[in-house]
Amino acid sequence: MIRVEHLTKSYGPKKGVFDLSFEVKKGEIFGFIGPNGAGKTTTIRQLLGFIKSDSGLAFVNDLESFHNAATIQEKLGYLPGEIAFFDQMTGDEFLRFLGEMRGLPNDDKMQELKSFLELDANGKIKKMSKGMKQKLGLVAAFMHDPEILILDEPTSGLDPLMQSKFVELILKEKAKGKTILMSSHSFEEIERTCDRALIIKEGQMVALEDI
């Protein structure tokens with residue numbers, strides 16, 4: 001469902017990703033672990049077609065990422081590491097806006113996720129805490145019931161209770177056959193959710209292991 005072949009994007013010595021190859025199978029939860037600056041977000045941005053690689057290729061659902069970015073993004077669920085919102089909107093207005101853009105027939109899944117994550121999205125986004133914004137981002141990523149999800153540091157800013165609820169959400173989605181690539185700093189989070197994990201350091205793969 002996700003495939004990276006000899007991907008290279010250099011921002012200088014040991015910055016970026018270098019000759020990276022891996023694949024994520026259908027129905028698999030795949031962990032992507034490494035310190036800040038290791039190349040996790042650079043890899044994810046190439047998978048989404050936001051940036052062009054210097055060499056190598058990235059594929060999502062057998063579509064080459066850079067030239068098919070719009071098609072891929074129509075169906076993908078994505079949570080960026082740095083989320084940009086329309087701060088003047090309320091959380092509910094933002095979610096309705098996304099639902100309309102995606103042509104969702106109803107908001108049942110959105111309401112279910114809001115309830116599960118205990119998200120009150122009535123207030124203005126600019127007044128929300130980091131944890132509230134993270135929950136809003138999670139609802140936005142999951143609410144159209146995508147087959148493939150790419151999550152960049154998904155529990156950043158969440159308290160321990162919400163981190164546990166996130167793990168529960170991931171395992172529920174896995175039971176439905178979803179394919180998930182998840183970058184994280186947390187070994188515990190990866191251990192509880194993932195089938196396999198890749199460890200990256202200074203843009204290069206250090207290890208790829210079954211959990």
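Mind checking which lysines have their C-alpha under 19 Å from K130, skipping anything on the same chain fewer than 8 residues away?
Within reach: K114, K165.
Report the local net charge at I211: Lys and Arg +1, Asp and Glu -1, summed over other residues whose C-beta lies under 13 Å from its C-beta.
Details: positive: K174, R192, R196; negative: E28, E188, E189, E191, D195, E209, D210.
Cβ neighbours under 13 Å give a net charge of -4.
Share of Cα-Cα pairs in the range 108-211 beyond 18 Å, in percent? It would help to have the intermediate numbers written out before the result.
Working: 2683 of 5356 pairs.
Cα-Cα pairs of the range 108-211 separated by over 18 Å account for 50 percent.
Taking only Cα atoms of the range 1-120, what ratio of Rg to Rh do you get with Rh as the Kirkwood inverse-distance radius? Intermediate values should be presented prior to the final figure.
Values: Rg = 16.7 Å, Rh = 16.4 Å.
Ratio of gyration radius to Kirkwood radius: 1.02.
What translational diffusion coefficient, in µm²/s and rounded to a whole number, does the Stokes-Einstein relation yield for the range 87-145 at 20 °C and a viscosity of 1.002 mPa s, taking the hydrodynamic radius as the Kirkwood radius over Cα pairs?
For the chosen part, D equals 190 µm²/s.
Along the range 178-191, what does the Karplus equation 6.51 cos²θ - 1.76 cosθ + 1.60 (θ = phi - 60°) give for ³J(HN,Hα), rounded to whole Hz, x for Gly and Pro?
Taking θ as phi minus 60°, the curve returns 6, 10, 9, 9, 10, 8, 7, 9, 9, 5, 4, 4, 5, 4 Hz for the range 178-191.
Compute for the range 56-132: radius of gyration divided by Kirkwood radius, i.e. Rg/Rh, restricted to C-alpha atoms, rounded to two decimals.
1.04
Using the crude model of +1 on Lys and Arg Cβ and -1 on Asp and Glu Cβ, and no other charge, please compute the dipole size for the range 52-211 relative to its Cα centre, in debye to 20.
380 debye
Pop out the ³J(HN,Hα) list for the range 29-34 in order, Karplus 6.51 cos²θ - 1.76 cosθ + 1.60 with θ = phi - 60°, rounded to Hz; leave Gly and Pro as x.
9, 10, x, 10, 10, x
Through the Karplus equation 6.51 cos²θ - 1.76 cosθ + 1.60, θ set to phi - 60°, convert the phi angles of the range 148-156 into ³J(HN,Hα) values in whole Hz; use x for Gly and Pro.
Karplus-based 3J(HN,Hα) across the range 148-156 equals 10, 10, 10, 10, 9, 6, x, 9, 4 Hz.
Projecting each Cα onto the charge dipole of the range 87-145 (Lys/Arg +1, Asp/Glu -1 at the beta carbon, about the Cα centre), which of F142, A121, G103 comes out farthest on the positive side?
A121
Quick check: the distance between the Cα centres of the range 24-73 and the range 127-178, to the nearest angstrom?
Using only Cα atoms, the two centres lie 19 Å from each other.
Can you list, largest first and rounded to whole Å, the semi-axes you get for the chain by taking the square root of 5 times each eigenvalue of its Cα gyration tensor? Mind showing how you got there, number by number?
On the way: eigenvalues 153, 68, 57 Å².
Value: 28, 18, 17 Å, ordered largest first.
Read-outs throughout are calculated quantities, based only on the coordinates presented, and are distinct from any laboratory measurement. Since the structure is predicted, the reported quantities are computational estimates derived from the model, not experimental observations. Counting neighbours? That spans all protein chains shown, and the Cβs are built from the backbone with ideal geometry, glycine included.
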